[in-house]
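> Questions regarding the structure given below will be posed in turn.
The values are calculated or read from the model by the stated rules, or taken from the named source; none is laboratory data. Since we're looking at a predicted model, the values are computed, not measured. Just the protein is used for accessible areas: all its heavy atoms, side chains included, with ligands, DNA and RNA removed. Shrake-Rupley method; radii C 1.70, N 1.55, O 1.52, S 1.80 Å.
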Amino acid sequence: GAENRASTNPALFGYAVAASGAHVVIGAPGFRSAKDSRTGAIGIYHYQEDDEWSEQWIAKPPLQGGVSDVAQNESVDFGSTVALDERFIVVGSPRDSQGQAQQGRVYIFEKKQDGSWELFQEIVDLEAKPTEQFGYRVALFRQWLLITSYSTRLGEESIPHGHVSIYRFDEQETANGIGQWKFHQRLSVENDELRPGLKLERFGYGLAVTENFLAVGAPTTSQNGILHHGAVF
């Protein structure tokens, strides 16, 4: 991989992977640190009839605006999580692991007739908290898209620990003439809804979705005296 990366610098190539049909998408988020790139990119590989893999690279899209927007864009990890189907690629770009950015983003790319992929839509959290990383996990199935706002456990505002936003693709939304992903529902669990003795952490750390069901993982750690356990909803 990474043979034709051109202007990209694919640090942490292989941090995220997803496959659908003849396509494989590989994330290279380039975590911000002394040794890694601030850029982030995804590699898109298509298995062709001649038994060869074609390769296309997409770098982190630039933010429009002033210097502050540019600085914020440098501190989110584009390619940390990926999902795709035959039409769309979904790329999570949460704020970096050092907590420098106030808001993460999710980028959706659409496959064009010539086989290339172009930016289709950009999504931000409608109820963002400064302690959560929007876009930490994504899952996609047909018209359903799930996006995790993962808690970094920084301060009291990190409790309850994260939430999941559900988006549904609306073919009737004609703002751009070709449909749009629209917010559908927010999922969260309060600690008082859990059985006695179970303390919730990391809601949305794992995601899966089908036509009729979705699964949300919430593992825990031994930090702050919490024993190793978890829950899947």
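> Please determine whether any residue of segment 95-110 is polar (S, T, N, Q) and at pLDDT 90 or above.
Scanning segment 95-110, I find no residue that is polar (S, T, N, Q) and at pLDDT 90 or above, so the answer is no.
> Check 17, 90 and return the single one that is under 17 Å from the mean Cα position of the chain (by Cα), open to solvent by 50 Å² or more (accessible area, probe 1.4 Å) and either within 26 Å of residue 166 (Cα to Cα) or at pLDDT 90 or above (or both).
17
> Exactly one condition in (1) over 24 Å from residue 183 (Cα atoms); (2) modelled with pLDDT of 90 or more is false for residue 80; which is it?
(1)
> If you go through segment 144-169, how many residues are at pLDDT below 80 and not in a helix (DSSP H, G or I)?
8
> Inspect segment 25-40 for any residue being at pLDDT 90 or above and open to solvent by 10 Å² or more (accessible area, probe 1.4 Å) and give the result as yes or no.
yes
> Taking only segment 41-53 into account, find how many residues are open to solvent by less than 50 Å² (accessible area, probe 1.4 Å) and either over 29 Å from residue 115 (Cα atoms) or modelled with pLDDT under 90 (or both).
Total satisfying the criteria: 1.
> Among residues belonging to segment 191-233 that are open to solvent by 40 Å² or more (accessible area, probe 1.4 Å) and of a type in the set (Phe, Trp, Tyr), point out the one that is modelled with the highest pLDDT.
Checked segment 191-233; the qualifying residue modelled with the highest pLDDT is 213.
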